[in-house]
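A.B. asks: Okay, here's the structure, questions in a sec.
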Amino acid sequence: MELADRAVGFLLCLISLSVFTYYTFWVIILPFVDTDHFIHNYFLPQEYAILIPVFAGVVLLSFLSVFIGLVMLQSKKKKA
């Protein structure tokens with residue numbers, strides 16, 4: 001089981017590193033490249049650089065709030 005855990009951890013690290021590199025290049029470096037350069041074909045428009053993380057944050061906070069609410073309701077039922 002230890003080998004499977006290490007493989008999953010390595011895969012998660014590799015995915016997070018690639019997402020971080022892509023997003024960093026998209027947000028920090030791409031605005032300084034000419035708009036007619038071919039590299040712009042591989043990236044979404046610049047507006048999405050803000051919209052995607054904001055949407056992901058709202059979804060994450062929503063799921064977290066629902067989870068905490070359900071746990072609080074279940075613990076209240078156990079006390080009663």
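A.B. asks: Highest GNM mean-square fluctuation, the chain, Cα pairs closer than 10 Å: which of Val66, Val19, Val33?
C.D. replies: Its mean-square fluctuation being the largest, the pick is Val66.
A.B. asks: Rounded if a/c is under 1.5, else prolate if a/b is larger than b/c, else oblate: which is region 1-72, with a ≥ b ≥ c the root eigenvalues of its Cα gyration tensor?
C.D. replies: Here region 1-72 falls in the oblate category.
A.B. asks: For the pair Ile39 and Leu17, what calculated FRET efficiency results from E = 1/(1 + (r/R0)^6), where r is the Cβ-Cβ distance and R0 = 22 Å, to the nearest 0.05?
C.D. replies: Efficiency, from the Cβ-Cβ distance: 0.65.
A.B. asks: Taking the Cα atoms only, what angle lies between the long axis of helix 2-24 and the longest principal axis of the chain, rounded to 10 degrees?
C.D. replies: 50
A.B. asks: With angles folded into 0 to 90 degrees, how steeply does helix 48-79 sit against the dominant principal axis of the chain? Use alpha carbons for both and round to 10.
C.D. replies: Computed tilt is about 10 degrees.
A.B. asks: Gain in length, Ala7 to Ile28, computed as 0.36 nm per residue apart minus the alpha-carbon separation, to one decimal in nm?
C.D. replies: 4.4 nm
A.B. asks: Additional query: Where the only charges are on Cβ atoms (+1 Lys, Arg; -1 Asp, Glu), what is the dipole of the chain about its Cα centre, to the nearest 20 debye?
C.D. replies: With only Lys, Arg, Asp and Glu charged at Cβ, the dipole is about 900 debye.
A.B. asks: To the nearest 500 deg cm²/dmol, what mean residue ellipticity at 222 nm is calculated for the chain from DSSP H runs of n ≥ 4 alone, each contributing -39,500 (n - 2.57), summed and divided by the residues?
C.D. replies: -24500 deg cm²/dmol
Throughout, read-outs are computed from the coordinates displayed, never taken from laboratory work. For clarity, every value in this text was computed on a predicted model and none was experimentally measured. Neighbour counts run over all protein chains shown; Cβ positions are idealised from the backbone, glycine included.
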